[in-house]
Every structure is written in structure tokens, then in C-alpha cells.
1. Modelled with pLDDT of 95 or more and open to solvent by less than 20 Å² (accessible area, probe 1.4 Å): is that true of V374 in this structure?
2. What pairs come out if I take residues in segment 719-737 that are more than 14 Å from D689 (Cα to Cα) and pair them with residues that are surrounded by fewer than 19 Cβ atoms within 10 Å (Cβ to Cβ) and not hydrophobic (A, V, I, L, M, F, W, C) whose C-beta lies under 6 Å away, six or more apart or interchain?
3. When you check R683 against the structure, is it buried (at least 24 other Cβ atoms within 10 Å of the Cβ) and assigned to a loop (DSSP other than H, G, I, E, B), yes or no?
4. Can you name the residue in segment 699-728 that is in contact with an Asp or Glu (Cβ under 7 Å, 6 or more places away or on another chain) and in a helix (DSSP H, G or I) and is also farthest from K754 (Cα to Cα) among such residues?
5. Considering only residues that are outside any loop (DSSP other than H, G, I, E, B) and more than 19 Å from K432 (Cα to Cα), which ones fall in segment 442-459?
6. Please go through segment 301-328 and give me each residue that is in a loop (DSSP other than H, G, I, E, B) and buried (at least 20 other Cβ atoms within 10 Å of the Cβ), ordered by number.
7. Take segment 818-846 and flag every residue that is under 11 Å from V736 (Cβ atoms) and either in contact (Cβ under 8 Å) with a residue 60 or more places away in the chain or part of a helix (DSSP H, G or I) (or both).
8. Taking segment 590-612 on its own, how many of its residues are in a loop (DSSP other than H, G, I, E, B) and either within 28 Å of R670 (Cα to Cα) or free of Cβ contacts under 8 Å to residues at least 40 places away in the same chain (or both)?
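The values are calculated or read from the model by the stated rules, or taken from the named source; none is laboratory data. Fair warning: this is a prediction, and the values are worked out from it, not measured in the lab. Heads up, the Cβs are rebuilt from the backbone with ideal geometry, glycines too, and the neighbour counts pull from every protein chain shown. Surface areas here come from the heavy atoms of the whole protein model, side chains and all, with no ligands, DNA or RNA. Shrake-Rupley method; radii C 1.70, N 1.55, O 1.52, S 1.80 Å.
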Amino acid sequence: MKLQVRLLLTILVLLFAAAAPRAQQGPAAPAAVVPNYELASRWASSKVGKMVFSTGVSPQWLEHSDRFWYEFETPAGKRWWMVDPVKRTRVPLWDNAKMAAQLTTILRTPYDAQHLPISAIKFFDKDTVIRFAVDLPKEATVSTDSVLDMKMEVKTEEQLRQEREQQQEQQQDQQQERQGARPAETKKHWLQYDLATGKVVLLQNYEPEKEKARWAAVSPDKQTIVFARGHNLYMMDAAEYAKAQKEADDPALVETQLTTDGLEDYSYARDLRTEEDRRRFRPGKKDERDTKIGPRVPAITVYWSQDSKKFAVSRNDARKVGDLWVINALANPRPTLETYKYGMPGEANQPQAELAIIDIGSRQLTPAKTAAFVDQQLSVVTAPMTSERRAREETEPQWVASDAGKLYFTRTSRDLKRIDIVELDTATGESKPIIQERSNTYVEIQPLRLVNAGKELIHWSERDGWGHYYLYAADGTLKRQITSGEFVCTGIEGFDDKTRTLYFTAAGREPGQDPYYEHLYRVNVDTGDLKLLTQGEVTHNAAMNDKAAYYVSTSSRVDRAPEAALFDAAGTKVMDLEKADVSALVESGFKFPEPFKVKADDGITDLYGVMYKPFDFDPAKQYPVIAFVYPGPQTESVTKAFSPRSQNVALAQLGFIVIEVGNRGGNPSRSKWYHNYGYGNLRDYGLADKKAAIEQLARRHSFVDAGRVGIYGHSGGGFMSTAAMLVYPDFFKVAVSSAGNHENNIYNRWWSEKHHGVKESEDKDGKIKFEYDIARNSQIAKNLKGRLLLIHGDIDNNVHPANTLRLVDALIKANKRFDMLIVPGKRHGFADAGDYVFWVRADYFARHLLGSAADSVDILELNREREIKR
């Protein structure tokens, strides 16, 4: 009996001991899942780029007709097409096989129809011949049987001597290359193709128009070139510029100094703040002037009049603006300190904008009279870039008025609640506002468009809560509102002066569609008669010719392969052009992401998102969910068009559901209310909507595990992902936050003051001052419960590393464990370290959401790619 009692007691004790830990620890944690690194690495961007190539058509409209050409690449190779909308024909620009045969014969290098190395295509002789380039190793020889001599001349003894020296240098280079001392160099060979005969000839002695010097701002007529030396403006004529392109440091070059009042931080020269900028623009040798005033560098942006008689410059007096610094630890031979001006929000000293006009003939500078607001910003209104300007290689901005005596600029108050569109008399500097915009939040506008020979203006405004176009007389008298309704006009594509028809893109007008899908419309500016030109529940990227007679539209969705077609101005399809070839993707197992719609945290506002699943998805399993975020307000970073190279595709393959979803206060392509929702609450405004979206998806789909939620983002997304961990610490479990502006009180003034708000007030003495206060992540660092990885580049001169380091300091003081990676020698975008950061992020989510991650020292997925590249 005693033995039985003892046995019973022993059993009870063992049962109690076994039960006690479960009672204290709660439900057992899910078993670790092995992340699928192999599948993720198969869908890295570099590998996807070998399965899908062109995804849209970019028409290159010709100058002398309505025709255009384009190139399109598929897994079968690249082809070039010529399209004639009038004849409704699409024919190959050339026969690839015949072109390959001719190139092989002429260049003595084998090619085939799938591998044509043609570049730099340009039309000549009224679009009857094409000139293009092919790169060959420097030592390669070519045939002389099919040659067109473009430059017959008798060479001087000096030219012959220079050629002999060049040949000797080439021989030395070749010897060094054979010894492995330097990589092989290439030489461009120029060829000409006759469209009528199909014959290719080598252009001997052909000298194409030299690439524009980086320091040169060239006038539309190409007769005047403006640049900076030291802190002042200079100019030279076309003849001197041609000499400078041959020998940039020739001390005999004739230059004319235009200004004398340029100073450091109050300069007419572009701010070359970084070492790489300075190296890029500094010549190899110094001429005799360099010791006094420095080499030629780019001027601040030069805005030319369309007749090339005048140009405008807008410079900032930043002498009182505070300095900011980063240390480049990787600089050789010693780490270097980089110093730059950086206006922070709420600070009294900000850049002071000025505008001036310079007359080329008289060399006279006329200051513009612009004063209206304290710490105002100025911006010259520029003309749209046309196909004709591209053909003439007019790359510099030109002011929108065709009359050199008139210029338009915008004047914006520091709090961005007031914007004036101002007309400037370029001879006197007198200015007058012709259109004024006012709001209790920030004002935004689009570029002004002049029509009817400058007698009328088309202006974009959100004054009724939606972005619409308004027709004004040149004197600023409102004639009529052109478009209206609950949708947003997003850009002007063309204007037909004869029919007074405006062609524009807009989002959100078509009922039942994702409001971010853009469509092309036309509207008569006098009657308001409006017509939809692009059909389907897809987003359209439209490219119209200068005459507004035809347009090419590439339609796309995140879950559909893009298609391109040609239409006339009435919206009638002329012909289909291309459909992206995704066959190799599909054969490899690619599955399109899935769009979805949920409600915001208010239960009323619709939010739109995209879901990425693993390609080995099992609906019976539960998957952690990771939200890729960017708060806006410039964009929500929710993919709308076909984007197979997205890192979210690869990240999902590890075993995650990855989502992108909008939030109130995000994308500007919706109402002014939606866009400005976060005004005054820049830290927290989007977080409730992200949480609500994930909760709804978890209720909707059993495979979404709302108990394992990760979040990541870069820049503003880095800021938002950390804020999510601190505001909802029991919901968001893991975050990877890169380059985040966690402390918006030390981020740039423009973004913070615009989107959060700054209060302008006047003291008893009548002096204007600005008050600014904003919630920061460091203030709630004590709330951290989950796993947080912070990443920042150590020379980030956009979001300064102090944004992350101040948060780190707060986390340390709160006794929190966290992880951090500093990427040396990298700025805001991480450049060539981007792939490394991706795999560090992937490891972090795998370790803390799946329970296991790769633990080898080597990142094998990257090493394998490097082996392939070698």
C-alpha cells in the first residue's frame, strides 16, 4: 500500500512539473522554418534581368515626319523598328541578319542577328540615313573595302607627328593589357546605313559632334557657352568652345567674365560638395588661371531664352546657413572631412534666393525684383522638352515664354502655404504676380503651359480639393476651369493650337478602378468636352509627338505583362506594337503579385496594395508577413506597373508574404484631403493604416500570420518602419530600417517644414520668425520590444547619419538591445552595396520571423554571382 501511495505521489509530482513550465510560458513557439535561400537567390534582380528585357516602347519621333523608331529586346535578341502612323506600317529598321553580315565583313569581328552591338543611333539627311557606333577593342583592325571618307584633307607635319605619338601610346597600352596591367580599352567605329539601299559603310575620318563638356551650358543656337570659374560666371563663343573640347586647358582660349560678385556660399557655380564631384569636373592639367580662380566647373542652372539672346540664373546666398559634415573614412590616403551647407527645419538662417537676367549682347546683368515672402524660394518656369529639341540636342532648360523680354517664375513662401506665379520684365527686372495660390496646408503646382502664342496660360491647381487645369488670360484673368470632378490631373502630354485641345494624364476618374491607374484624356479648353483616350483597368504611360497627332501608350499592371500600341489623337488604335515577352519568367516559375484593396483604420477610406507570395506557396501553411513601407507624401511606393525585378519578389521566396499598401497622407494622385492627411503629424500618421491593412489581410487569408509581422523601408520608410515598432510594439515584431530620417528636426528644411508644417509669426517689432516642433523616434525609444536593425551609410549627405545615431543613443539610454550596420563609404542609396544590404535584411527577417537563418561567414548567394561574373 505504501509503495502504491509513493508511486502515485511520484506520478503527480512529475505531471505537475511537466505542466508548470507550460503554464508559465504560454503556447509553444512555432517550430523554426528553414528559409528558402536557393529560391530567393534565383529571383535576384540580376538574374531576372536575363529572363525579361524590354517592358515598354519609348518612341523616338523623327524631326521631318510623323514617323518614329524604337528598339525592343526579348530573349530572342534586340530588334529595331520604324513606324509610319500615316501609312499604318511597322517595318524593321534593318534586317538584323544582313546587318550582322555587313558588320562582320567591315569590322572583321563576328556578329549574328541576335547580338548586334549598335549604339548612338541618329538620323541625318532628312531622315534618310542613320549613323551609329560600334565599340571594338582598341587594337582591332577594320576593312577598308566599304568606306565613306567624311573628311578629305592634307595632313600637316604636326598632325602626322601627333598620329605617330598616338600609335606609340596605343602600342604601349596594348603591351600593358597583355601583361594584365590595365583593362582593355575600346574605340568607337562609326558607320552609316542607307535606309533606301540597306547598305552599310564605315565612316572614315568621321568626327561626330563632341559630347557636351560637363562644365558647359550651351545656348539653343549653340553659339554661346556659359560656365563658372571660381564663383563667377564666364562665357565663350562657339569657336573657342570647339578649341576647348580639343584641349580644355589651352591658356590661349578667350573667355569673357560676366559677373564679379560671386563668393563662397553665394556662388554662381554649382555646389560641388563631394570629392567625387570635384574630381569629376576638375581638368587633368591646370592652366595659368587655375591658381587664381580655379578650373571651369558647371554654373548653377542656366535658363536660356528660346532665341538665345538672354539667360537667367537663380542663385542662393547660403553664407549664414549652418554647416554640416560627414567623414569619408575610405578616402585615400587619409580620411577626409566633407563640409556642406544644410538648412534644418525651424532654423532662422536659411538660403536666400535671387534671380538675375544676363543679356548676351550687352553682357549686362539685371537683378529681378522678387521680394514678397521671408525666406522665399524661386523657380523659373521652363518650356517642355520636345522631340524637335531632342533632335537638335538642346538639352539646357529654356524659359517657357518665346519672347526674350518676358519670363515667368514661381515664388513660394517658406511655409509653402502661398505660391505666386510671377511675370518678369527681363529688361527692367520688374515683376508682377499674375496667379496666386493660397492654402492652410502646403500648396503644390505643376509647370505652367503657354498656349495661343503666349496669349493664354494653362495652370494646374488643387484649389477645389482636386488637381485640375484652369485657363487664364496672359494678364492673369481667370477665363474658366478646364477640368473638374473627383480625380487628379497628373501631367500635360500635348496641346493642339488649331483645335484648342489639351491632352493630359489623370488618375482616379474611372469608376471602379484603382485610383492610381493613369489614363490619357483630351479636353477642349473652351467647352470642357472631355474624352477618355486609353482603355482598360491598367495604368498607361503615354508618349505623344510634338504635333499632338499620335501617341504611343504602354499599358501595364503589376499582375499583367505590359503591352504597347500606337493611337491617333482621337484615341483610335492604329496598330499594336509590342507585348513584353515573359515566357522565360513563367517557365522558370514566376508568379505575378496580387493586387488587393482594404479599408484604412477609419473604416471608410479605400487603400490599395500588392501582395507578393513565395513561388512555392502552400495555402495550408501560415506565413509571416513583411510590410515594405514608405510613408509619402510624395509617393506611397506601392507598385502599379509590371516590375519583376523588385526586391520584394526575391524577399518573399525565403518564406514570407510581402506586402506594399498605401496609407492616408500618402500618394498625391488622390484628393488633397488624402494627400495632406499627415500634415502636422509626420511621425505617426500612416502607422494605423498599415496595421489595419495587415489585420484585414489576416482575417481574409488564413495563410497570413498576424502574430509574426515584419516591416522595412528606406529613407522615409526607414523612419516609418522604426516608428511602427515604437508606436505599436506589440504588433510589429521585427524591423529593418535603412537610412531613416528618424529625427526630422535635423533633416532638411524643405521636406520637414513642407509636409509637417512650420508656423510663421510676427514678433512685437514686426520681425517674421518661424516656429517648428515635430515628434521624433528617439522620444519613444523606450517602447521598443521587438527586434530592430538600423542601417546607415557613413557619408550620407541627404539623411545625415546623426538621424540614426541619435536614435541609437536613445535606445542605449533606454537599455534596449538592437542591431546596427554602418556601411562605410556609402551615401543615401548604398550604391554597389545594395545587394549586400538586401541579404543582411533577408537574414534578419529569416532569423527573427522564421526562427533560422544562414549562419555562414560568407554570403554564398553573392559569392556565387561574383564567380559567374568572372
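1. Values: modelled with pLDDT of 95 or more: yes; open to solvent by less than 20 Å² (accessible area, probe 1.4 Å): no.
It is false that V374 is modelled with pLDDT of 95 or more and open to solvent by less than 20 Å² (accessible area, probe 1.4 Å).
2. Final answer for the pair search is L726/N783; P729/N783; P729/K785.
3. Working: buried (at least 24 other Cβ atoms within 10 Å of the Cβ): no; assigned to a loop (DSSP other than H, G, I, E, B): yes.
So R683 does not fit the description; no.
4. Initially, segment 699-728 is screened for residues in contact with an Asp or Glu (Cβ under 7 Å, 6 or more places away or on another chain), giving 706, 723, 727.
Cutting the leftovers down to in a helix (DSSP H, G or I) gives us 723, 727.
Numbers: A723: 20, V727: 23 Å.
Only one residue tops the list, namely V727.
5. Going through segment 442-459, the residues outside any loop (DSSP other than H, G, I, E, B) turn out to be 449-451, 456-459.
Selection gives V451 alone.
6. Here is the first cut: in segment 301-328, the ones in a loop (DSSP other than H, G, I, E, B) are 301, 305-309, 318-322.
Selection gives S305, A318, V321.
7. Once the filter is applied, which keeps residues that are under 11 Å from V736 (Cβ atoms) and either in contact (Cβ under 8 Å) with a residue 60 or more places away in the chain or part of a helix (DSSP H, G or I) (or both), segment 818-846 yields V837, F838, V840, R841, A842, D843, Y844, F845.
8. Taking segment 590-612 and keeping what is in a loop (DSSP other than H, G, I, E, B), we get 590-593, 600-605.
Retained after the next criterion (residues that are either within 28 Å of R670 (Cα to Cα) or free of Cβ contacts under 8 Å to residues at least 40 places away in the same chain (or both)): 591-593, 600-605.
Selection size over segment 590-612: 9.
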